[in-house]
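I have placed the structure first, in the form of structure tokens, so that the comments after it can refer back to it.
The values are calculated or read from the model by the stated rules, or taken from the named source; none is laboratory data. All values derive from a computational prediction rather than experimental measurement. With ideal geometry, Cβ positions are generated from the backbone for all residues, glycine too; neighbour counts draw on all protein chains shown. Protein only, heavy atoms only, side chains kept; ligands, DNA and RNA dropped before computing areas. Shrake-Rupley method; radii C 1.70, N 1.55, O 1.52, S 1.80 Å.
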Amino acid sequence: MTGRGIMDKRTSKTDFLSIVVPVYNEQDGIMVFYQALTDALQEAAVKPEIIFVNDGSTDGSWNILKGLHEREPQVKLIDLSRNFGHQNALTAGIESARGDAVVLMDMDLEDDPGTILEFLSKWKEGYEIVYAIRDRRQVSMILKTFYRLFHWVNSMVSDLQMEAAGTFCLMDRRVVEQFKKFPERDRYIPGLRVWVGFKQTGVKSDRGKRYDGRSRVGVIRLIKLAADSIFSFSTLPLRFAILFGLFFSFLSFCLVAVIIWIKLFTGLAVPGWASILSAVMLIGGIQLICMGFQGEYLIRVFNEVKNRPNYIVRESVGFDVKD
Ligand code: UDP
Ligand code: MG
């Protein structure tokens, strides 16, 4: 269908927009976020449903969310049985969302609610996926360097054309239906979003500052997410072993030739066990790295074979109301 065709269909009724927001120990930010979101949505001609997914919060977030739902019927809640992580919480929200389009966003005010209006206008133009391109993240230099390095490595090794984009995006119902079919664990949603195809575009969105400055994801989880992206969307690391192997075989062949030459024509013994030792250690290190790469794939195969669900819902609130 052409962009115009989609547009004609969409303007014929008020669009139903789902906004999926994962929440993990955010009690001080919920109301500020909700206010900012509803202010932004007032300018949009849509009927919203706002789905908060409580990802095993241990603070007062769930009670605040329940209070909010009682006052605002457009607020729907999913309570997961424990902390399943950002990507799984988003997945839970996507699977319950019923909108013509679904927005994924964090609730820490780093994702600017005003950008949703730009998402909507691109959607009306006929794009089925609109994602935010973040230029300036207001985080520490170390984190900024980590993000840059990750996006650079990711774009180099990935089998897909990956841009430096996060989870903040809008997906058309058709895309959501495809997304729901992905059974995979160790999810990296920005990668899956590239993989599904459809008509995609990015809009620039400045990242705000986190309202309390304390990331809930943490460095270890961030490294795991980076590994999920690289090892789930690239087979290049598996091939490193062959590349390294060929390179060092060639090198050692040259070395043997040189040693024989020295022996025959100079009669000198080759001096230096240190150089031999360092070469052995280098090769040993490379072998371990390559085994580690294989281990990363094995972990993912193992997780798939276990076939456990990505999340478990304790309670859903507000979904039975007829929209
Ligand atoms: N979050 C979650 N489960 C977690 C960690 C985070 O649902 O285990 C939520 C969190 O409440 C926030 C969003 O995911 O709405 C992004 O988290 P955060 O801002 O800490 O991540 P960062 O922006 O630092 O990557
Ligand atoms: Mg954040």
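For the reader, a short list of remarks on this structure follows.
- Among Val217, Val313, Val258: highest mean-square fluctuation, GNM of the chain, C-alpha pairs under 10 Å: Val258
- Straight-distance crosslink candidates among aspartates and glutamates, where the alpha carbon sits under 16 Å from Lys122 and sequence neighbours closer than 8 are dropped: Asp8, Asp15, Glu43, Asp100, Asp172
- Taking the C-alpha atoms only, the angle from helix 115-124 to the longest principal axis of the chain is near 80 degrees.
- Low-density loop positions, trypsin sites (Lys or Arg not before Pro), the range 151-192 - DSSP coil, at most 10 other Cβ in 10 Å: Lys181
- Violating pairs (Cα-Cα greater than 31 angstrom) within the set Lys199/Lys306; Lys66/Lys199; Lys47/Lys306; Lys47/Lys224; Lys180/Lys224; Lys144/Lys306: Lys199/Lys306; Lys66/Lys199; Lys47/Lys306; Lys47/Lys224; Lys144/Lys306
- Helix 61-71 and the longest principal axis of the Cα set of the chain meet at an angle near 30°.
- Taking every C-alpha pair closer than 8 Å and separated by at least 6 residues, the mean separation divided by the residue count of the chain gives a relative contact order of 22 percent.
- Annotation: extensible slack from Arg148 through Ala257 equals 34.9 nm (criterion: 0.36 nm per residue apart, minus Cα-Cα distance).
- 15 Å reach of a label modelled at Val301, 7 Å along Cα-to-Cβ, counting backbone N of the range 192-232: 232
- Accessible area of the chain divided out per residue, in Å², using a probe of 1.4 angstrom: 54 Å²
- Rounded percent of accessible protein surface that carbon and sulfur make up, the chain, 1.4 Å probe: 63 percent
- Farthest positive-ward along the chain dipole, Cα basis, beta-carbon charges - from Leu41, Pro73, Phe244: Phe244
- Most positive-pole-ward Cα, Leu264, Gly202, Met291, against dipole of the range 175-291 from beta carbon charges: Gly202
- For Ala45 and Ala241, a Förster radius of 51 Å and the Cβ-Cβ distance give a FRET efficiency of 0.35, rounded to the nearest 0.05.
- Considering only Gln87, Trp123, Leu170, the residue lying farthest towards the positive end of the dipole of the range 81-185 is Gln87, judged by Cα position with unit charges set on Cβ.
- FRET efficiency estimate (nearest 0.05) - Cβ-Cβ, Asp28 to Arg221, R0 22 angstrom: 0.55
- Cα centroid of the range 51-116 to Cα centroid of the range 200-222, whole Å: 16 Å
- Between 0 and 90°, nearest 10: helix 273-306 axis offset from the chain longest Cα axis: 30 degrees
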